[in-house]
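The structure appears below as structure tokens.
The values are calculated or read from the model by the stated rules, or taken from the named source; none is laboratory data. Every value quoted in this text rests on a predicted model; they were computed, and no experiment measured them. Please note: Cβ atoms are built from the backbone with ideal geometry, for glycine as well, and neighbour counts cover all protein chains shown.
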Amino acid sequence: MEKSLLRSKKIIELEEKIQQGNNQAVEKFWCEIEENGTPLIEKIDGDHENVLVSFIYKADKQIENVVLIPPIGAGNFSENKMERLLDTDIWHINYKIRNDVRFSYFFSPNDFFDDDWEKRYKNSTHDIFNKNLIVFTDDDGEDELIKSYALMPNEKEHFFVKERTDVPKGSIHEHKFHSEKLEKDRRIRIYTPYNYDESNKPYRFLVLTDGDEYINMLSATKVLDNLISDKKIPYVVVIFIDSTETREEELMCNDTFADIIVKELIPWVRDNYNISNKADEGIIGGLSLGGLTAAYLGLKYSEVFGNVISQSGSYWYKPESYEGAESDCWLSTQFDAIDRLPLKFYLNVGVLEDKEDMIDTNIKLRDVLIKKGYPVEFEEFKSGHDYLYWGETLANGLISLIGVNN
């Protein structure tokens, strides 16, 4: 995704009409935008892999600037500053983008060009002409941030995240989990599949951090229902652990948090639900820092978790005491230093993610694991570091690790 010097043909035509004195041109333009939606997507002559994407913002008052916050280079504010069309209320910016991706974005009007992202989020607005939205909520369920997302022409339709009326539904059970090592009780939710039975053979189990996000933003329960109904995976019990304001501390290879999961939470779940005690039937998973934590828990506790799902794992992480190169993937050095463990991996990263911090470090971990003899499936999905693909690729990870044909 790169800013383009090419301009939208529609914007060029509109500019010409305005300069020729057509007083209705702007109003007609907005009517067309309201009817057809945004962003504007146009073919690039001679380029079969990319399209020209024009983002459009309507200023409802006099403003100094508008900045687009894209999935790549979000902090490059001057590069992402939008251009005002003559003296109209139309602001626009153009990018050359792969024609097979989806990605989220938002606008920051009257941006202040600093690194205060909390302030920027409060100041931000979604694209009101784009009906595709992803909503971030706070702990009270109130809308905290709304982003729009764009679908490119060749982007594949998602399948497993969509609810199907004819599919038997599993159940969600909410609990307050108490640990002496946590500041306060933590909400966990347990998914049991349709026809769950305590007298059955113990079920495979999956643990996911960022549980609320997996349930409410990634449609994880729909994914599970669909996979089980389609006989893509066996019946599985899933433990969703909510994250709190201590998320960053807990999910940076934190031994205390890892011990809480393995030595307190899993035994509690086994006392209350019919889950297996076999490592090859246990899965640990997560996204971003949660993906890092999943691989770390596999490293530390392969006798509990024999399978790891890492979605856009944050392998840029290094402990403060690490003395290796800045470009190293610290966690890969830990796996490289020991004999192979009884683990299987599904790793993914988005093609629109930061190359150095995300793509390169995920590839380094993949390569070390393969060199050591681990079974690894690695997927580069068609999006950035956001929630648009993690639900669908959760399905890919489960099929890879515990699929009925594996």
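Condition check ((1) within 22 Å of TYR191 (Cα to Cα); (2) out of contact with any Cys (no Cβ under 8 Å at 6 or more places or on another chain); (3) modelled with pLDDT of 95 or more; (4) surrounded by fewer than 22 Cβ atoms within 10 Å (Cβ to Cβ)) across all residues:
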| position | (1), (2), (3), (4) |
| --- | --- |
| ASP225 | yes, yes, yes, yes |
| TYR273 | yes, yes, yes, yes |
| GLU281 | yes, yes, yes, yes |
| GLY291 | yes, yes, yes, no |
| LEU299 | no, yes, yes, yes |
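You will find that of GLU281, GLU245, GLU264, the residue that is free of Cβ contacts under 8 Å to residues at least 40 places away in the same chain, charged (D, E, K, R) and under 30 Å from CYS329 (Cα atoms) is GLU245 and no other. Of all residues assigned to segment 194-203, none qualifies as being among the acidic types (Asp, Glu), at pLDDT 95 or above and either under 22 Å from SER314 (Cβ atoms) or in the same structural domain as LYS300 (by TED's automatic domain parsing) (or both).
Residues that are of a type in the set (Phe, Trp, Tyr) and in contact with a Lys or Arg (Cβ under 7 Å, 6 or more places away or on another chain) were ranked within segment 155-213; the one that is farthest from ILE402 (Cα to Cα) is PHE177.
For segment 138-189, the set of residues classified as at pLDDT below 90, outside any loop (DSSP other than H, G, I, E, B) and not hydrophobic (A, V, I, L, M, F, W, C) consists of ASP143, GLU144, LYS147, listed by residue number.
Scanning segment 64-114 for residues that are small (Gly, Ala, Ser) and either in a loop (DSSP other than H, G, I, E, B) or within 17 Å of ASP354 (Cα to Cα) (or both), we see that the one that is modelled with the highest pLDDT is SER104. Of all residues in segment 72-93, those being of a type in the set (Ser, Thr, Tyr) and surrounded by 15 or more Cβ atoms within 10 Å (Cβ to Cβ) number 1.
For segment 34-71, a residue qualifies if it is among the β-branched types (Val, Ile, Thr), closer than 15 Å to ALA150 by Cα and crowded, with 18+ Cβ neighbours inside 10 Å, and the qualifying residues are THR38, VAL51, VAL53, ILE56, ILE69.
So which of GLU245, GLU264, GLU356, GLU303 is surrounded by fewer than 24 Cβ atoms within 10 Å (Cβ to Cβ) and in contact with a helix residue (DSSP H, G or I) (Cβ under 9 Å, 6 or more places away or on another chain)? Give the derivation first.
Working: GLU245 fails: in contact with a helix residue (DSSP H, G or I) (Cβ under 9 Å, 6 or more places away or on another chain); GLU264 fails: in contact with a helix residue (DSSP H, G or I) (Cβ under 9 Å, 6 or more places away or on another chain); GLU356 fails: in contact with a helix residue (DSSP H, G or I) (Cβ under 9 Å, 6 or more places away or on another chain).
Result of the check over GLU245, GLU264, GLU356, GLU303: GLU303.
Would a scan of segment 237-248 turn up a residue that is touching a Phe, Trp or Tyr at 6+ places or on another chain (Cβ under 8 Å), at negative phi, of a type in the set (Asp, Glu) and not in a loop (DSSP other than H, G, I, E, B)? The answer is no; no qualifying residue exists.
Test of understanding: among LYS382, LYS372, LYS344, LYS364, which residue is closer than 26 Å to PHE136 by Cα and among the charged types (D, E, K, R)?
On the way: LYS372 fails: closer than 26 Å to PHE136 by Cα; LYS344 fails: closer than 26 Å to PHE136 by Cα; LYS364 fails: closer than 26 Å to PHE136 by Cα.
Result: LYS382 is the single residue among LYS382, LYS372, LYS344, LYS364 that is closer than 26 Å to PHE136 by Cα and among the charged types (D, E, K, R).
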